1. Exactly one condition in (1) in contact with an Asp or Glu (Cβ under 8 Å, 6 or more places away or on another chain); (2) not in a strand (DSSP E or B) is false for Val105; which is it?
2. Only strands (runs of 3 or more DSSP E) wholly contained in segment 31-96 count here; list those with 3 or more residues that are among the aromatic types (Phe, Trp, Tyr) and either touching a residue at least 12 places away in the same chain (Cβ under 8 Å) or under 17 Å from Lys109 (Cα atoms) (or both).
3. State yes or no: is Leu9 aliphatic (A, V, I, L, M), out of contact with any Leu (no Cβ under 9 Å at 6 or more places or on another chain) and in contact (Cβ under 8 Å) with a residue 24 or more places away in the chain?
4. If a residue must be surrounded by 13 or more Cβ atoms within 10 Å (Cβ to Cβ) and either modelled with pLDDT under 95 or not hydrophobic (A, V, I, L, M, F, W, C) (or both), how many such residues does segment 45-63 contain?
5. Do we have any residue at all in segment 23-36 that's more than 24 Å from His93 (Cβ to Cβ), out of contact with any helix residue (DSSP H, G or I) (no Cβ under 8 Å at 6 or more places or on another chain) and surrounded by 15 or more Cβ atoms within 10 Å (Cβ to Cβ)?
Amino acid sequence: MSIGAGKILTGETFGGKPVYMRLVDIGVLPNNTSKTINTGITNAYYFWIDPTYSMVISGGAAYPLPYVDPNNVANSIAARIIANGQQVVITTHSNWSTYAGFVAVRYTKQ
């Protein structure tokens, strides 16, 4: 599976519809702000972030996405989907700009 490979049919169903997954490259994370990334998904019905395949990476460190820091919630990374699955919003409240990552979005079509 590669980032930006288009939709992948997962072999699962949700609500009686086939489930697809797309890996969305989110690039460099923001420094104490938010950024919005287009997913390339259209006509989604149900949509959600799959944390199993979503992560941020820098050098030898990797964190799941979304990430909640148990020692300091201000270091957490929020990820949410808006615009009927067409966009992902990444929000940080500290400097994560040395990290880049990707989000796995699962969805069904209308």
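The values are calculated or read from the model by the stated rules, or taken from the named source; none is laboratory data. A quick note: this is a predicted structure, and the numbers were derived from the prediction, not measured. We place every Cβ from the backbone using ideal geometry, glycine too, and count neighbours over all the protein chains shown.
1. With respect to (1) in contact with an Asp or Glu (Cβ under 8 Å, 6 or more places away or on another chain); (2) not in a strand (DSSP E or B), Val105 is out only on (2).
2. 44-49
3. No: the conditions fail for Leu9.
4. The number of residues fulfilling the criteria is 8.
5. Taking segment 23-36 first, the residues more than 24 Å from His93 (Cβ to Cβ) are 23.
Adding the requirement that they be out of contact with any helix residue (DSSP H, G or I) (no Cβ under 8 Å at 6 or more places or on another chain) leaves 23.
Next, only the ones that are surrounded by 15 or more Cβ atoms within 10 Å (Cβ to Cβ) stay: 23.
So far as segment 23-36 goes, yes, one or more of its residues are more than 24 Å from His93 (Cβ to Cβ), out of contact with any helix residue (DSSP H, G or I) (no Cβ under 8 Å at 6 or more places or on another chain) and surrounded by 15 or more Cβ atoms within 10 Å (Cβ to Cβ).
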